[in-house]
Amino acid sequence: MGETALVVDGVTVQFSGVTALDDVSFEVRPGHIHAVIGPNGAGKSTLFNVLSAVYRPVSGSVRFHGTELTRLRPHRLAALGVARTFQNIALLPGASVTENLLLGRHDLLRPSGLRRNTRAPAAAHRERVREIARFIGLGDLHDVPAGELSYGDQKRVEIARALCMEPRLLLLDEPAAGMNAHETAAMARLIRDIRDSLDIPILLVEHDMGLVMGIADRVTVLDFGKRIADGTPREVQRDPEVLRAYLGSGDDTAAHPSPAGPPGPHHPAPSPEN
């Protein structure tokens, strides 16, 4: 537990002179669920795009078990074991659940795969996909077209597809977005099960503060591209800078519309950025 899986060190991202991330640093430890939260426009999506090699920072570094990631292409990150989901569902609606999950094993099926033994027979890969589907709660839906599933089950398929990569780090982008209270509670249990049963560190961007504060081991808070807090859920909930960012004061109120109260299980933060 003392080892660090992911180190984000001084990451700065600019677009046409606008600073989207400003010297952001934090660490993700093995076996931890680490959440990144913040008001609209705080830089959460930009951060995730840096971590998944969609954007390159102008300065700073991202190291995964000692390997620098900022100059790699997305497929190289996948080969290293970094898997990501997205807020917007991106499945093949006419393909079955099993067929969608097999896409997650693309790197493992290729003869030129960069990690692990890729020569396992196709039947073994298909059985592994079915094991993951059962673990996620999709065991009876192997042959159902993904487009016919409920919204919550489609979200589960996306997470299952990421797990089919056999990741060493899982990036979850708004996994509970659009879900009702029952579905959100089920998603929280699933994320804990992934951490506990598969021993995968998870980096989570999520706007539902009840989910975040209920499952995260550590929370990093961004505001206007800067890190304003980093600590346990209890520490973050009591941090004056976090309360200011969510509640607003003076001119800040217009920039960050105030929810009903401070971030916590009964006072969700504003809706996520696009």
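Please list, ordered by first then second residue, the pairs with beta carbon atoms under 6 Å, 6 or more apart or interchain, first in segment 92-106 and within 10 Å of residue 161 (Cβ to Cβ), second surrounded by fewer than 16 Cβ atoms within 10 Å (Cβ to Cβ) and of a type in the set (A, V, I, L, M).
Short answer, once both residue conditions are applied: 97/144; 100/92.
Pick out the one residue from 11, 24 that is within 19 Å of the chain's Cα centre (by Cα), part of a strand (DSSP E or B) and free of Cβ contacts under 8 Å to residues at least 60 places away in the same chain.
Selected residue: 11, the only one of 11, 24 that is within 19 Å of the chain's Cα centre (by Cα), part of a strand (DSSP E or B) and free of Cβ contacts under 8 Å to residues at least 60 places away in the same chain.
Across segment 170-211, what is the total count of residues that are touching a Phe, Trp or Tyr at 6+ places or on another chain (Cβ under 7 Å) and either assigned by TED's automatic domain parsing to the domain that holds residue 127 or charged (D, E, K, R) (or both)?
1
Going by the structure shown, is residue 196 of a type outside the set (Gly, Ala, Ser), surrounded by fewer than 22 Cβ atoms within 10 Å (Cβ to Cβ) and out of contact with any helix residue (DSSP H, G or I) (no Cβ under 9 Å at 6 or more places or on another chain)?
Criteria met by residue 196.
Please go through segment 149-207 and pick out each residue that is under 19 Å from residue 135 (Cβ atoms), in a loop (DSSP other than H, G, I, E, B), among the aliphatic types (A, V, I, L, M) and touching a residue at least 40 places away in the same chain (Cβ under 8 Å).
149, 165, listed by residue number.
Take residues that are at pLDDT below 90 and surrounded by fewer than 13 Cβ atoms within 10 Å (Cβ to Cβ) and tell me which of the helices (runs of 4 or more DSSP H) falling wholly in segment 40-140 contain 1 or more.
74-80, 122-136
Give all pairs with beta carbons closer than 9 Å in which a residue from segment 43-64 that is closer than 18 Å to residue 29 by Cβ meets a residue that is assigned to a strand (DSSP E or B) and basic (Lys, Arg); count only pairs at least 6 apart in sequence or on separate chains.
That search, which allows pairs on different chains as well, returns 51/84.
The values are calculated or read from the model by the stated rules, or taken from the named source; none is laboratory data. This is a predicted model, so every value here is computed, not measured. Virtual Cβ from ideal backbone geometry, glycine too; neighbours counted across all protein chains shown.
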